[in-house]
Amino acid sequence: MRYPLLRRILAALGALMLVVQAPAPVAADHGGDSIGSLLRCDRPVTPPRCTSVANDMWHFIYIDPSMPPELADSLRQAMAEAYDPTYLVLIEQTEITSATDAIAYAGDHGANGAAGWVYCPPDSPQGLNSRGDRWCQHQEIHFNLNTRYSVFFDDDASRDHITCHELGHTIGLRHWGNPPESDPPQAATCMNADTPNGPTTLHQNDRDHIKDYYAAPRSTARPQRRHDTDPGAGTTGPGPDRWSGFQPFVPSSDDWYPEVRFRGMRGR
């Protein structure tokens, strides 16, 4: 070529364009679907269902007396083992209060197409967080004990799977490998859909998503509260900062919280 200098300049410009146009890696791309709210809760579907996020890292659960003992134990197992390695603090309450995040019910709802689902009632405390996701308290977790879905409740492994799965929807976890909620392939996680006797715990990707979404700002360790070591701590009601979003909640008094039994249960 008669103009070697011009050729070198053009080659350098072309390389620069390639660098500029190359997509940057996505931060915290752990695989699977990230956490977020999904679907409107007022859709005309049966049963009514939607996925919301939690409003902070403290997740208070009330287990209604309609829950059979074995199913209640599986839910406690999920609280203690599947979600414990994250920044979330899951605590069982002995009564429903304004601080309650999710309420677990069980009953025969007929052959309505679902063994379990989560719903945010229109009169529940709810709003949008800084990410634009709907947070909701007093979410309802429903387990359908109709005989059509008995395969989801017949043994410990099946109950462990479905309780871990529905609990995940109360904090914004979505399905793996079940369009339109997500894209395949499936992973070894309780968030797989329609898999009785499926995995009974979360995939590490799920836990990484939880840590990213509910991380304690400026902290590498999960904050500890009195309830983490003293399950008998009582309360007279929620504190005003209970609705403050995702900031770590450090109360000025230990008396703000609902009475709790324990964070969860390891083993049966």
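None of the figures in this text is laboratory data; all of them are computed from the coordinates on show. In this text the structure is predicted, and so the values were computed from the model without any measurement. Cβ: placed from backbone, ideal geometry, glycine included. Neighbour counts: every protein chain shown.
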For segment 50-56, 3J(HN,Hα) per residue [Karplus equation, 6.51 cos²θ - 1.76 cosθ + 1.60, θ = phi - 60°, Hz, x = Gly/Pro]:
6, 10, 10, 9, 7, 8, 6
Karplus couplings for segment 203-212 from phi (6.51 cos²θ - 1.76 cosθ + 1.60, θ = phi - 60°), rounded to Hz, Gly and Pro as x?
6, 4, 4, 4, 5, 5, 4, 4, 5, 5
For Gly116, enumerate residues with amide H under 5 Å from its amide H, sequence gap 5+ or separate chain, H modeled in the peptide plane.
Asn144
Give me a comma-separated list of calculated 3J(HN,Hα) values for segment 111-116, in order, Karplus coefficients 6.51, -1.76, 1.60 applied at θ = phi - 60°, integers in Hz, x for any Gly or Pro.
7, 9, x, 9, 7, x
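Highest first, please rank the peptides 83-92, 61-70 by the mean number of other Cβ atoms sitting within 10 Å of their residues. Don't skip to the answer; put the middle values down first.
Values: 83-92: 21.1, 61-70: 15.2.
Peptide ranking by packing, descending: 83-92, 61-70.
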Among Gly127, Ala102, Val89, which residue has its Cα positioned farthest towards the positive end of the charge dipole of segment 87-138, with +1 placed on the Cβ of Lys and Arg, -1 on the Cβ of Asp and Glu, and the dipole taken about the Cα centre?
Gly127
